[in-house]
1. Pulled fully out, how much extra length does the chain show between residue 214 and residue 16, if you take 0.36 nm times their separation in residues and subtract their Cα-Cα distance?
2. As an exercise, use a Förster radius of 51 Å and the Cβ-Cβ distance of residue 147 and residue 183 to find the FRET efficiency, rounded to the nearest 0.05.
3. Taking 0.36 nm per residue of sequence separation and subtracting the Cα-Cα distance, how much length would be gained by fully extending the chain between residue 113 and residue 251, in nm to one decimal?
4. Between residue 83 and residue 104, with labels modelled 7 Å along Cα→Cβ, what's the label distance in nm to one decimal, could you check?
5. Please report how far the C-alpha centroid of region 154-173 lies from that of region 100-134, rounded to the nearest whole angstrom.
6. Report relative contact order for region 120-255 in percent, whole number only (criteria: Cα-Cα under 8 Å, sequence separation at least 6).
7. Can you order the peptides 194-204, 47-57, 153-163 by their average number of other Cβ atoms within 10 Å per residue, highest first?
8. Using a 10 Å cut-off around each Cβ, can you sort 234, 24 from fewest to most neighbouring Cβ atoms?
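Since every read-out is calculated from the coordinates, none of them should be taken as a lab result. Here the structure is a predicted model, which is why all the values come from computation and not from measurement. Heads up, the Cβs are rebuilt from the backbone with ideal geometry, glycines too, and the neighbour counts pull from every protein chain shown.
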Ligand code: NI
């Protein structure tokens with residue numbers, strides 16, 4: 001079965017047809033979904049999705065674009081929410097210097113605090129790293145991320161950084177629609193470098209739809225496009241990529 005390891009089905013872009021779409025997952029071959037979280041307000045909706053759908057699991061965490069004005073008790077609220085049996089990760093957390101550089105210091109502090117929380121709770125982290133590779137790697141090292149593990153989602157780093165992430169940081173690497181874009185030479189070289197037992201697939205839906213759906217609303221049903229491309233890159237049948245990435249996702253999130 002297909003395991004979409006990063007989705008946002010709580011997004012309002014699914015409000016009109018969420019249940020209809022999610023009811024098609026099974027026949028589309030999608031058997032597991034990890035729903036990521038961006039801010040505290042999303043948590044009740046994410047937990048509701050986990051309760052309603054046996055195949056949906058969730059994460060809780062503060063996205064780097066959401067650090068501004070964050071309430072002082074946010075760690076306690078994340079800790080409490082993580083007690084739900086289907087919350088299996090802290091994320092998405094990280095650094096984003098593409099959209100917001102003026103909150104750099106805040107982003108770094110909140111990333112570090114959330115990695116510490118993940119280690120305390122023995123949950124893996126889901127990392128968002130955009131235009132911030134150096135600082136992300138430094139903070140993850142400083143906060144001993146290898147003790148809880150996790151995933152670099154929608155990986156945009158170099159092929160050289162891959163081994164540091166998989167071997168030194170004990171983490172996985174996720175690829176989605178961006179891999180299929182015409183100019184995606186760098187991510188394809190990175191995907192080639194990722195050991196098979198560290199490879200994950202994801203949508204980041206509603207964003208990042210793969211070619212030929214680029215620009216449309218994304219969903220887990222488009223993941224076969226990503227699987228086909230990874231199969232080509234790795235020189236393996238698509239069914240093997242599907243099986244391996246499912247196993248990897250289950251191992252990472254304890255499912
Ligand atoms: Ni995301």
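1. Details: separation 198, 0.36 × 198 = 71.28 nm, distance 2.06 nm.
Full extension from residue 214 to residue 16 adds 69.2 nm.
2. Numbers: r = 37 Å, r/R0 = 0.72.
Step by step, r from the Cβ atoms, then E = 0.90.
3. Numbers: separation 138, 0.36 × 138 = 49.68 nm, distance 2.44 nm.
Taking 0.36 nm per residue and subtracting the Cα distance, the gain is 47.2 nm.
4. 4.0
5. 16
6. On the way: 221 pairs, mean separation 27.3, N = 136.
Reported as a whole number, the value is 20 percent.
7. My ranking of the peptides, most packed first, is 194-204, 153-163, 47-57.
8. 24, 234
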